[in-house]
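Worksheet: one structure, shown below.
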Amino acid sequence: MAEQSIFGEEHIETENKQYNTLNLGPTHPATHGVFQNILQMDGEIIMSSEATIGYIHRAFEKLAEHRPFYQVTPITDRLNYCSSPINNIGWHMTVEKLLGVQTPKKVDYMRIVVMELSRIADHIVCNTVIGVDTGALTGFTYMFQERERIYDIFEQMCGARLTTNIGRIGGFERDFSAKTIQLIREFIAGFPKRFDEFEGMLLRNRIFMDRIINVGPISGERALEYSFSGPNLRAAGVDYDVRVMNPYCSYNDFDFTIPIGTNGDTYDRFCVRQAEIRESLKIIETALNNMPEGNFVADCPEFYLPAKKDVYTSMEALIWHFKIVMGEVDLPKGEVYHSVEGGNGELGFYLISDGGRTPYRLHFRRPCFIYYQAYPEMIKGSMLSDAILTMSSMNVIAGELDA
Amino acid sequence: MALTQEITLARLQEHFGDAILSHAEPFGFLTIEIPADRILDVVGFLKNEADLAFGYLTDLCAVHMPEQSGREIGVVYHLHSLTNNVRIRIKCWIPEAAPEIASATSLYAGANWMERETYDFYGVRFQGHPNLKRILNVDHMEIFPMLKQYPLEDSSREDKDDRFFGR
């Protein structure tokens with residue numbers, strides 16, 4: 001033990017060497033969210049770190065135990081708020097599984113269009129922010145215009161942009177309007193060119209590559225031990241994708257590839273997300289071209305809000321409207337696990353129903369929460385500025401992390 | 001031969017016999033119940049047997065059933081065999097008075113935070129966990145808030161009048 005340092009606890013002695021304690025966060029402009037990491041620094045090298053989370057914990061699981069199923073949907077919005085529609089639809093599909101509702105093909109295809117659009121929006125945020133953290137702000141501002149276009153499409157569909165609360169149990173509130181389809185068509189026609197520009201600026205850029213290759217790597221084995229999922233796992237070379245492994249929502253009708261990386265470093269994560277955006281575009285285009293005829297909602301009147309004009313004119317519809325809005329329709333008993341491929345990986349809903357109007361227990365398997373625990377291991381021995389890049393390339397979303 | 005849920009269950013029953021207290025397949029998801037003191041044996045067996053290879057811990061959480069006397073808290077594990085694409089759900093029931101179960105961190109690195117979260121909300125003490133402390137709630141919280149006896153809102157609050165909320 002050395003004598004008491006004049007800096008008090010700021011200096012911690014390990015192996016006869018004094019390290020500096022650095023508080024990164026909770027509100028640091030470079031961490032893009034509320035994250036605190038207490039770092040032990042040797043100069044600019046991180047010797048160890050501890051993550052503190054929970055700053056925006058909102059007790060979603062407790063809240064969900066007190067809310068009827070439709071009131072749970074807005075909660076799911078606020079998990080990974082970069083791709084809210086995937087969370088909404090994942091939740092609706094979980095309830096449908098419990099109810100035994102079979103959705104028409106058209107609903108599946110509409111959902112795929114919405115979910116893939118949100119995946120693109122999600123990946124745009126992550127990849128452009130990697131650019132920002134390496135000093136390339138331009139790509140961010142240009143690509144956010146594309147993200148705005150996706151939000152315009154969501155707005156056209158459901159009236160909301162970020163926290164969408166999109167869809168209904170059984171399908172959608174309304175069919176895609178002509179305007180919606182026109183916006184999607186315009187998006188998939190115009191997006192590739194601008195996306196190529198963005199990619200051309202970064203993907204083979206020597207400075208960018210030197211900056212992020214071998215930053216924050218993780219091996220495939222280690223990633224699996226840490227229960228990684230989504231692009232971060234695939235960047236480490238494991239081709240696990242829920243859309244392919246456990247196809248939901250007619251994803252097995254579509255032909256797409258799962259891009260994988262080799263080193264699991266920041267560059268691979270960037271590349272995997274870039275490639276996934278292209279695959280998503282392909283899926284959207286196929287889904288639009290092959291959009292089946294049929295109804296935009298499954299036949300489940302007990303759980304689907306009746307049309308407004310019927311509510312005003314028919315007693316039956318008015319009763320159902322009240323029962324559904326007030327949450328007076330009981331769910332059947334049962335326990336069900338359903339997972340979808342969210343923007344960040346396997347987003348799971350574990351729902352236990354005791355036959356009441358609210359879930360007895362609802363657990364969200366949040367991919368962010370699970371893979372963020374590997375962060376201290378991934379940044380150990382790297383520079384402080386690399387730690388920032390590693391975090392942004394892992395796409396840690398505070399809302400999903402803290403639930 | 002490809003691994004299926006039936007084969008998984010048969011292998012478990014063959015190896016553990018009566019320790020498989022019950023099994024079911026709600027919504028096509030193989031679910032077994034085992035005594036809490038056998039959890040590491042069963043999970044280790046599922047993970048390490050070459051033909052089973054349940055190497056992926058999908059999820060770990062708890063559920064509180066206060067009416068089940070002596071076995072109020074259920075710890076639920078979701079495992080996934082990625083090479084065979086078979087999933088299994090394992091449940092252990094432990095008493096609320098002494099909520100203790102072995103930690104799975106020696107088998108899955110990812111269990112670390114999942115167990116911390118379960119401890120934080122249900123008070124389940126995972127024996128052998130390297131760093132079992134609260135993760136999402138504040139450190140000085142005295143209760144385990146997801147237990148059913150704790151209401152959603154603090155009942156001592158005076159700033160919310162039920163009359164204004166239609167309650």
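The values are calculated or read from the model by the stated rules, or taken from the named source; none is laboratory data. It should be emphasised that the depicted structure is a prediction, and the values quoted were computed from it without experimental measurement. Positions of Cβ are generated from backbone atoms using ideal geometry, with glycine treated the same way; all protein chains shown enter the neighbour counts. Just so you know, the surface numbers come from the protein's heavy atoms only, side chains and all, with ligands and any DNA or RNA stripped out. Shrake-Rupley method; radii C 1.70, N 1.55, O 1.52, S 1.80 Å.
Which residues, taken from segment B:51-78, are polar (S, T, N, Q) and more than 10 Å from every other protein chain (Cβ to nearest Cβ)?
Answer for segment B:51-78, where residues must be polar (S, T, N, Q) and more than 10 Å from every other protein chain (Cβ to nearest Cβ): B:Gln68, B:Ser69.
Taking the criterion of being touching a helix residue (DSSP H, G or I) at 6+ places or on another chain (Cβ under 7 Å) and of a type in the set (S, T, N, Q), would at least one residue in segment A:49-66 satisfy it?
First, pick out the residues of segment A:49-66 that are touching a helix residue (DSSP H, G or I) at 6+ places or on another chain (Cβ under 7 Å): A:49-51, A:53-57, A:60, A:63-64.
Among the residues that remain, those that are also of a type in the set (S, T, N, Q) are: A:49.
Within segment A:49-66, one or more residues are touching a helix residue (DSSP H, G or I) at 6+ places or on another chain (Cβ under 7 Å) and of a type in the set (S, T, N, Q).
Please verify whether segment A:241-248 includes one or more residues that are within 11 Å of another protein chain (Cβ to nearest Cβ), open to solvent by less than 10 Å² (accessible area, probe 1.4 Å), among the β-branched types (Val, Ile, Thr) and in a helix (DSSP H, G or I).
yes
Restricting to segment A:312-327, name every residue that is within 14 Å of another protein chain (Cβ to nearest Cβ), assigned to a loop (DSSP other than H, G, I, E, B) and open to solvent by 10 Å² or more (accessible area, probe 1.4 Å).
A:Met326
If we keep just the residues of segment B:84-99 that are at the interface with chain A (Cβ under 10 Å from one of its Cβ atoms) and either open to solvent by 10 Å² or more (accessible area, probe 1.4 Å) or touching a helix residue (DSSP H, G or I) at 6+ places or on another chain (Cβ under 6 Å) (or both), which is farthest from A:Gly54 (Cα to Cα)?
Residue satisfying both the conditions and the ranking: B:Asn85.
If A:Phe60 satisfies all but one of (1) within 11 Å of chain B (Cβ to nearest Cβ); (2) over 17 Å from the mean Cα position of the chain (by Cα); (3) among the aromatic types (Phe, Trp, Tyr), what's the number of the condition it fails?
(2)
If you check A:Thr103, A:Thr138, which single one turns out to be part of a helix (DSSP H, G or I), over 30 Å from B:Leu136 (Cα atoms), among the hydroxyl-bearing types (Ser, Thr, Tyr) and more than 14 Å from chain B (Cβ to nearest Cβ)?
Just a single option satisfies the conditions, and that option is A:Thr138.
Being within 14 Å of chain B (Cβ to nearest Cβ) and open to solvent by less than 40 Å² (accessible area, probe 1.4 Å) is true for just one of A:Glu65, A:Glu146, A:Glu116. Which residue is that?
That would be A:Glu65, the only listed residue that is within 14 Å of chain B (Cβ to nearest Cβ) and open to solvent by less than 40 Å² (accessible area, probe 1.4 Å).
Being open to solvent by 10 Å² or more (accessible area, probe 1.4 Å) and basic (Lys, Arg) is the filter; apply it to segment A:199-240 and report the residue that is farthest from the other protein chains (Cβ to nearest Cβ).
It comes out as A:Arg206.
Hey, among the residues in segment B:100-122 that are open to solvent by less than 10 Å² (accessible area, probe 1.4 Å) and either farther than 20 Å from A:Glu335 by Cβ or without any contact (Cβ under 8 Å) to a residue 40 or more places away in the chain (or both), which one's nearest to the other protein chains (Cβ to nearest Cβ)?
Looking at residues that are open to solvent by less than 10 Å² (accessible area, probe 1.4 Å) and either farther than 20 Å from A:Glu335 by Cβ or without any contact (Cβ under 8 Å) to a residue 40 or more places away in the chain (or both), I get B:Gly110.
Which condition does A:His32 not pass, out of (1) at pLDDT below 90; (2) open to solvent by less than 50 Å² (accessible area, probe 1.4 Å); (3) away from chain B (no Cβ under 14 Å), if it passes all the others?
Only one criterion in (1) at pLDDT below 90; (2) open to solvent by less than 50 Å² (accessible area, probe 1.4 Å); (3) away from chain B (no Cβ under 14 Å) is unmet by A:His32, namely (2).
Going by the conditions given, is A:Tyr55 of a type in the set (Phe, Trp, Tyr), over 20 Å from A:Thr358 (Cβ atoms) and within 14 Å of chain B (Cβ to nearest Cβ)? Let's see the steps before the verdict.
Working: of a type in the set (Phe, Trp, Tyr): yes; over 20 Å from A:Thr358 (Cβ atoms): yes; within 14 Å of chain B (Cβ to nearest Cβ): yes.
Against the criterion (of a type in the set (Phe, Trp, Tyr), over 20 Å from A:Thr358 (Cβ atoms) and within 14 Å of chain B (Cβ to nearest Cβ)), A:Tyr55 qualifies.
Which condition breaks for A:Tyr337 when tested against (1) of a type in the set (Ser, Thr, Tyr); (2) over 26 Å from A:Pro104 (Cα atoms); (3) within 14 Å of chain B (Cβ to nearest Cβ)?
(2)
Can you find even one residue in segment B:123-134 that is open to solvent by 10 Å² or more (accessible area, probe 1.4 Å), more than 10 Å from chain A (Cβ to nearest Cβ), over 15 Å from the mean Cα position of the chain (by Cα) and among the small types (Gly, Ala, Ser)?
Checking segment B:123-134: at least one residue is open to solvent by 10 Å² or more (accessible area, probe 1.4 Å), more than 10 Å from chain A (Cβ to nearest Cβ), over 15 Å from the mean Cα position of the chain (by Cα) and among the small types (Gly, Ala, Ser).
For segment B:25-35, indicate whether the set of residues that are out of contact with any helix residue (DSSP H, G or I) (no Cβ under 7 Å at 6 or more places or on another chain) and away from chain A (no Cβ under 14 Å) is non-empty.
no
Quickly run through segment A:343-361 and pick out the residues that are of a type in the set (S, T, N, Q) and either assigned to a loop (DSSP other than H, G, I, E, B) or not assigned by TED's automatic domain parsing to the domain that holds A:Ser83 (or both).
Within segment A:343-361, A:Asn344, A:Thr358 qualify.
All but one of (1) away from chain B (no Cβ under 12 Å); (2) in a helix (DSSP H, G or I); (3) surrounded by 20 or more Cβ atoms within 10 Å (Cβ to Cβ) hold for A:Leu98; which doesn't?
Status for A:Leu98: all satisfied but (1).
Out of (1) in a helix (DSSP H, G or I); (2) hydrophobic (A, V, I, L, M, F, W, C); (3) farther than 29 Å from A:Gln36 by Cβ, what's the single condition that is false for A:Val340?
The one condition A:Val340 does not meet is (1).
Yes/no per residue for (1) surrounded by 23 or more Cβ atoms within 10 Å (Cβ to Cβ); (2) touching a strand residue (DSSP E or B) at 6+ places or on another chain (Cβ under 6 Å); (3) of a type in the set (A, V, I, L, M):
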position: A:Phe349; (1), (2), (3): yes, yes, no
position: A:Arg366; (1), (2), (3): yes, no, no
position: A:Pro376; (1), (2), (3): no, yes, no
position: A:Gly381; (1), (2), (3): no, no, no
position: A:Met391; (1), (2), (3): yes, no, yes
position: A:Glu400; (1), (2), (3): yes, no, no
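Does segment A:127-143 hold any residues that are open to solvent by 60 Å² or more (accessible area, probe 1.4 Å) and not hydrophobic (A, V, I, L, M, F, W, C), and which are they?
Matches in segment A:127-143: A:Gly135, A:Thr138, A:Thr141, A:Tyr142.
Out of the residues in segment A:69-95 that are of a type outside the set (S, T, N, Q) and out of contact with any helix residue (DSSP H, G or I) (no Cβ under 6 Å at 6 or more places or on another chain), which is surrounded by the most Cβ atoms within 10 Å (Cβ to Cβ)?
Looking at the filtered set, the residue picked out is A:His92.
Quick check on my filter: what residues within segment A:169-204 are touching a residue at least 24 places away in the same chain (Cβ under 8 Å), more than 30 Å from A:Ile324 (Cα to Cα) and not in a helix (DSSP H, G or I)?
Selection gives A:Leu203 alone.
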